[in-house]
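Structure, as C-alpha coordinates:
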Amino acid sequence: MKADIQPGGFSFDCDAGQTLLQAADAAGIELPSSCRNGTCRTCLCRLVSGEIRYRIEWPGVSVDEKAEGWILPCVAEPVGDVVLDVPYAFSVF
(Lines give C-alpha, C1' and ligand atoms only; values in the text may rest on other atoms or scores of the structure.)
Protein backbone atom coordinates (compact mmCIF):
# COMPACT_ATOMS: atom_id res chain seq x y z
CA MET A 1 0.00 0.00 0.00
CA LYS A 2 1.16 3.51 -0.71
CA ALA A 3 0.66 6.70 1.30
CA ASP A 4 1.03 10.16 -0.23
CA ILE A 5 1.49 13.21 1.99
CA GLN A 6 0.21 16.63 0.92
CA PRO A 7 1.29 19.38 0.60
CA GLY A 8 4.91 18.18 0.91
CA GLY A 9 4.67 15.67 -1.93
CA PHE A 10 6.15 12.79 0.09
CA SER A 11 5.28 9.15 -0.55
CA PHE A 12 6.03 5.94 1.31
CA ASP A 13 4.98 2.31 1.32
CA CYS A 14 3.02 0.83 4.20
CA ASP A 15 3.14 -2.91 4.91
CA ALA A 16 0.15 -4.87 6.19
CA GLY A 17 -0.12 -4.54 9.97
CA GLN A 18 1.91 -1.32 10.03
CA THR A 19 0.41 2.00 11.14
CA LEU A 20 0.78 5.03 8.92
CA LEU A 21 3.06 6.64 11.51
CA GLN A 22 5.30 3.54 11.72
CA ALA A 23 5.57 3.36 7.93
CA ALA A 24 6.34 7.09 7.66
CA ASP A 25 9.06 6.77 10.31
CA ALA A 26 10.61 3.81 8.49
CA ALA A 27 10.67 5.85 5.26
CA GLY A 28 12.32 8.86 6.93
CA ILE A 29 9.17 11.00 6.83
CA GLU A 30 8.48 12.84 10.08
CA LEU A 31 4.83 13.31 10.95
CA PRO A 32 3.93 15.24 14.10
CA SER A 33 3.54 12.71 16.94
CA SER A 34 3.88 12.23 20.66
CA CYS A 35 2.02 9.45 22.53
CA ARG A 36 1.69 6.97 19.64
CA ASN A 37 -1.36 5.36 21.25
CA GLY A 38 -4.28 7.44 19.95
CA THR A 39 -4.87 9.75 22.91
CA CYS A 40 -2.78 12.95 22.66
CA ARG A 41 -3.98 14.01 19.16
CA THR A 42 -0.58 15.46 18.19
CA CYS A 43 -0.64 13.47 14.94
CA LEU A 44 -4.23 14.44 14.02
CA CYS A 45 -4.44 14.93 10.25
CA ARG A 46 -7.00 14.71 7.46
CA LEU A 47 -7.52 11.66 5.27
CA VAL A 48 -7.97 13.15 1.79
CA SER A 49 -8.65 9.83 0.08
CA GLY A 50 -8.52 6.13 0.82
CA GLU A 51 -9.63 4.10 3.80
CA ILE A 52 -8.09 3.22 7.15
CA ARG A 53 -8.91 0.96 10.09
CA TYR A 54 -7.95 1.64 13.68
CA ARG A 55 -5.96 -0.65 15.94
CA ILE A 56 -7.97 0.53 18.95
CA GLU A 57 -11.73 0.64 19.40
CA TRP A 58 -12.20 4.38 19.81
CA PRO A 59 -9.21 6.67 19.27
CA GLY A 60 -9.24 10.31 20.44
CA VAL A 61 -11.28 11.59 17.48
CA SER A 62 -14.83 12.88 17.89
CA VAL A 63 -17.74 11.64 15.77
CA ASP A 64 -17.83 15.00 13.97
CA GLU A 65 -14.07 14.92 13.31
CA LYS A 66 -14.33 11.38 11.91
CA ALA A 67 -17.13 12.53 9.61
CA GLU A 68 -14.88 15.36 8.37
CA GLY A 69 -12.05 12.91 7.59
CA TRP A 70 -9.75 13.54 10.56
CA ILE A 71 -7.65 10.54 11.62
CA LEU A 72 -4.85 9.60 14.01
CA PRO A 73 -2.09 7.95 11.93
CA CYS A 74 -0.36 6.59 15.07
CA VAL A 75 -3.11 3.96 15.41
CA ALA A 76 -4.43 3.89 11.81
CA GLU A 77 -3.58 1.19 9.30
CA PRO A 78 -4.39 1.84 5.63
CA VAL A 79 -6.78 -0.56 3.92
CA GLY A 80 -5.38 0.48 0.53
CA ASP A 81 -3.60 3.49 -0.94
CA VAL A 82 -4.21 6.71 1.00
CA VAL A 83 -3.57 10.43 0.69
CA LEU A 84 -3.08 12.46 3.88
CA ASP A 85 -3.04 16.20 4.45
CA VAL A 86 -0.15 16.78 6.90
CA PRO A 87 1.16 20.36 6.54
CA TYR A 88 4.03 19.91 9.04
CA ALA A 89 5.45 16.67 7.61
CA PHE A 90 9.08 16.71 6.52
CA SER A 91 11.72 14.33 5.24
CA VAL A 92 14.73 13.52 7.41
CA PHE A 93 16.73 12.28 4.41
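The values are calculated or read from the model by the stated rules, or taken from the named source; none is laboratory data. Keep in mind that this is a model prediction, so the values were computed, not measured. Here Cβ is always computed from backbone atoms with ideal geometry, including for glycine, and neighbour counts include all displayed protein chains. All accessible areas refer to the heavy atoms of the entire protein, side chains included, with ligands and DNA or RNA removed. Shrake-Rupley method; radii C 1.70, N 1.55, O 1.52, S 1.80 Å.
Considering only the stretch 68-93, state which residues are open to solvent by less than 80 Å² (accessible area, probe 1.4 Å) and assigned to a loop (DSSP other than H, G, I, E, B). Full working, then the answer.
Taking the stretch 68-93 first, the residues open to solvent by less than 80 Å² (accessible area, probe 1.4 Å) are 69, 71-80, 82-86, 89, 91-92.
Correct list: 69, 72, 73, 74, 75, 79, 80, 86, 89, 92.
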The number of residues in the stretch 52-67 that are assigned to a loop (DSSP other than H, G, I, E, B), among the charged types (D, E, K, R) and exposed (fewer than 11 other Cβ atoms within 10 Å of the Cβ) is 1
Determine the pairs where a residue that is among the β-branched types (Val, Ile, Thr), located within the stretch 33-61, has a partner that is surrounded by fewer than 13 Cβ atoms within 10 Å (Cβ to Cβ) with Cβ atoms under 9 Å apart, the partner being 6 or more residues away or on another chain. 42/34; 52/79
When the stretch 27-43 is examined, which residues are found to be part of a loop (DSSP other than H, G, I, E, B), open to solvent by less than 50 Å² (accessible area, probe 1.4 Å) and not small (Gly, Ala, Ser)? 31, 32, 35, 43
By residue number, the members of the stretch 2-26 that are open to solvent by 40 Å² or more (accessible area, probe 1.4 Å), on the phi < 0 side of the Ramachandran plot and not polar (S, T, N, Q) are 2, 4, 7, 8, 10, 13, 15, 16, 25, 26
